[in-house]
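Below is one structure; the comments refer to it alone.
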Amino acid sequence: MLKSIKYHIFLIGLFCTFSNCIIANTNNIPVNISDEYAPQGVESACNPDCPETPFPPVQHWLPDVLITLPNGCQVFVQYTTRFACNMWHDLYIARITAANSNDPICNNYFSTTGAAQIMADVTIQMLKQNPMGFPPSNNGECESNWRVIKGACWQKLNINWGSVTQPNQAYRLYPCLGDICCLDRYQVCLIGQERVITSLPGGVQGTCIPQETQPHSLGCEVVCGNSSSGGGGN
């Protein structure tokens with residue numbers, strides 16, 4: 001009996017990785033879990049250079065931003081920024097969550113698309129929509145100092161992030177545990193009302209290492225590599 005109880009507690013502890021949440025355990029009893037951010041957080045990982053200008057602590061991050069992907073699927077993106085070494089506009093992507101669990105487009109997209117492609121799609125839309133407020137701001141100008149930093153190894157979950165009485169079944173993409181990261185460079189030009197994104201060389205590429213993953217995970221996958229260039233957005 002004691003062994004069974006410990007096993008249930010172990011499963012509950014693994015269900016939430018990034019924030020305070022309420023979930024249902026294997027006995028369908030709502031449980032409050034106060035959880036620390038995974039080691040993949042910007043405090044201890046994915047800070048490949050410029051230690052004198054670190055990312056802000058998690059409590060100072062902005063709220064998740066809602067972006068729309070080209071297929072119409074809307075996702076919430078948890079992110080933060082820094083001006084690294086007084087020269088690099090760095091975007092750190094920490095988590096991606098489907099905004100509507102009842103959206104068949106999103107459900108099909110997350111269930112049939114690999115983590116690397118989802119990350120690439122979200123990265124390009126973040127750069128195009130620019131909720132970070134990075135320059136340039138004038139038509140015809142270009143900046144070649146945009147960088148995207150993220151954990152090298154990500155996984156998908158599709159579980160109930162809510163409770164028994166208020167379920168919130170949704171896909172979520174976030175880093176696997178570990179301290180390996182990747183860094184990609186971009187040039188961004190403002191042409192009219194569009195941002196044209198071009199990948200640049202000189203990034204840092206990481207990989208996955210053998211490790212345990214969360215229950216109900218679809219496995220860890222390497223997501224490093226520049227996303228495709230392109231225009232559009234505003």
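Nothing in this text is a laboratory measurement; each read-out follows from the coordinates by a stated rule. Quantities reported herein were computed from a predicted structural model and do not represent experimental measurements. Every residue, glycine as well, gets a Cβ built from its backbone with ideal geometry; the counts of neighbours run over all protein chains shown.
What whole number of Å gives the distance from the Cα centroid of segment 78-117 to the Cα centroid of segment 168-201?
That distance is 7 Å.
Can you tally the net charge around residue 114? Count Lys and Arg as +1, Asp and Glu as -1, for every other residue whose Cβ sits under 12 Å from the Cβ of residue 114.
-1
Can you give me the distance in nm between label points at residue 132 and residue 71, each placed 7 Å from the Cα along the Cα-to-Cβ direction?
In this crude spin-label approximation the distance works out to 2.5 nm.
May I ask you to evaluate 6.51 cos²θ - 1.76 cosθ + 1.60, the Karplus curve with θ = phi - 60°, for each residue of segment 196-207 and list the ³J(HN,Hα) values in order in whole Hz, giving x for glycine and proline?
9, 9, 10, 6, 10, x, x, x, 10, 10, x, 8
Provide 64, 184 in ascending order of the number of other Cβ atoms located within 10 Å of each residue's Cβ, fewest first.
Numbers: 64 17, 184 23.
By the 10 Å Cβ count, ascending, the order reads 64, 184.
Compute the signed sum of charges (Lys and Arg +1, Asp and Glu -1) over the other residues within less than 15 Å, Cβ to Cβ, of residue 199.
Neighbour charge sum, excluding residue 199 itself: +2.
Please list, by residue number, everything in segment 46-65 whose backbone N is under 12 Å from a paramagnetic label point 7 Å out along Cα→Cβ of residue 87.
50
Order 188-194, 169-175 from most to least packed using the mean count of other Cβ atoms within 10 Å. It would help to have the intermediate numbers written out before the result.
Details: 188-194: 14.7, 169-175: 21.6.
Ranked from most to least packed, the peptides come out as 169-175, 188-194.
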